[in-house]
1. Looking at residue 329 and the list (1) under 28 Å from residue 460 (Cβ atoms); (2) at pLDDT below 95; (3) in a helix (DSSP H, G or I), which single condition is not satisfied?
2. Under 20 Å from residue 533 (Cβ atoms), assigned by TED's automatic domain parsing to the domain that holds residue 313 and in contact with a helix residue (DSSP H, G or I) (Cβ under 6 Å, 6 or more places away or on another chain): is that true of residue 220 in this structure?
3. Here is a check on your reading of the model: is residue 377 closer than 30 Å to residue 183 by Cα, within 30 Å of the chain's Cα centre (by Cα) and surrounded by fewer than 16 Cβ atoms within 10 Å (Cβ to Cβ)?
4. Given the conditions (1) farther than 29 Å from residue 391 by Cα; (2) touching a residue at least 40 places away in the same chain (Cβ under 8 Å); (3) not assigned by TED's automatic domain parsing to the domain that holds residue 385, and given that residue 539 satisfies all but one, which numbered condition is not satisfied?
5. Could you count how many residues in the stretch 401-413 are within 25 Å of the chain's Cα centre (by Cα) and modelled with pLDDT under 90?
6. Over 24 Å from residue 343 (Cβ atoms) and in contact with a strand residue (DSSP E or B) (Cβ under 8 Å, 6 or more places away or on another chain): which single residue out of 206, 192, 178 fits that description?
7. Among 571, 549, 582, 514, which is buried (at least 20 other Cβ atoms within 10 Å of the Cβ) and modelled with pLDDT under 95?
8. If residue 608 passes every condition in (1) at pLDDT 85 or above; (2) under 18 Å from residue 364 (Cα atoms) but one, which one does it miss?
């Protein structure tokens, strides 16, 4: 077919089956080509009518493109990233132009007014998110318009990148999938998304909140989180959530993977967010603020910087006194469900904070700065703690099923942790009393009674709380806590002093009990780590075991045990920075006491020698008050040998400079 015939082929109606067969039979023919072009033309959607504009920009004029005349930059220039310039013209001052400009300015003014009202009335966290997005855009009103239309969920800086990153999205989804407690990140935090936050909160109540840090009532806290209303929440706040995450992310493998892929220090990000939120609290007292301050202290201490963080600890208990929670507890009754819930939360807060503070106080060799509460212990499991037979539960309080990958918990350990904390605190008051002559017969008799009381407590526990009968994380934590009391009982006593009790053979010495307790802790930690990951409590018990073994390292019977602890300690340094500092503290203490490190243990500690010590260590922990250490401390005018300030840092730095 020639070109004249081709021009005569005009397709006026939809193609028939005959025409489609013709095209299929010879797709290269000119008839098929013309017909397919006509088909495409008839099936195209009708073009929208172009809106006429008064003036085009210079670039669109030059390219003869259709300009949409949007100021300050048109659509074509925006796509091409070209400079958009409009020439002044003689029609710019016509009445129509002036009216159009007036209307445009009216709308723009109204939008700015709405934006200011939004920033004024929204919660601080959401207003900050809007402001950050506005500051990061060349067209702030476009951000505002998108927000009004629901196109933007006001993510924090970097969340767009997270949503567009397939690896981070998969990581977040996997975290959400494994989490028994599923919560929304907004409005509580903008640092991470729903999945990772759900994992951190779930792990808090599995590993920490039940025993290690039992100051949160899970039901009340999660109810407030799920409601998502910052203004109405009583037991949760953005400050508290970010502070919790600052601690928990240091023990989460997925959080560390997230931090590596986003190239940020996640714990530091959460702490910075917490500091900003704390500033906006303006000293307003509330239960979540007290809890958040304690978690901020713990998060900073785990990072090896407790010296600067002590202000959070002291501020927390100052605010706590202002709240007068014991008076509030006594004013509430059990008849009203809301009052009963508040009584439970207050008891959990006070007793939980007391238990947490006793664990912190151990590192400063002093009793808790918070006295034991004078209200009942209405904490986790208080109603069933005496029940002989009960099954393990999951984090939601449901019967535990081994097949679904859950971590077993036992109800009542929160209550028991408070009982052990009371006993330890009473013991510390005895040791630090001006009436106590350490190592005297009267002192040994008093300590023997504390030891007997602890063993009676253990003897009276139902089997489900004994790790020998029910080997789960919480029963291990309970026994490790009991053994901390034993270490404290034996502190400062002569190693060869006889320590006879109904629970030991006649002639048992302080050294015998010390070695037996260290062996139990080490064996328990090894067995624990075959099943579960490092956490705050296991890292702590490994360090305490090493510190208590050092005074008896000249006994060959301790060498294998100390070597096993060095191996565990090396592994724990991968979990937190504090673990590395505590390992160096043990080595420095051995040097100060002239106790050689066993040959078999040296490969595990060689990378943590004096050359690895940082300058000006930001830790204020104390060390055992041994006479050898007192003499060394007294030799330096910058250190108070009678006090506990900065002793650990001083000893490590002295060892590093040898």
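1. For residue 329, the exception is condition (2).
2. no
3. Taking the combined requirement at face value, the residue does not satisfy it.
4. In the conditions (1) farther than 29 Å from residue 391 by Cα; (2) touching a residue at least 40 places away in the same chain (Cβ under 8 Å); (3) not assigned by TED's automatic domain parsing to the domain that holds residue 385, residue 539 misses (1) alone.
5. Of the residues in that region, 3 qualify.
6. 206
7. 582
8. If we test residue 608 against (1) at pLDDT 85 or above; (2) under 18 Å from residue 364 (Cα atoms), just (2) comes out false.
The values are calculated or read from the model by the stated rules, or taken from the named source; none is laboratory data. Values in this document were obtained by computation on a predicted structure and should not be read as measured data. Please note: Cβ atoms are built from the backbone with ideal geometry, for glycine as well, and neighbour counts cover all protein chains shown.
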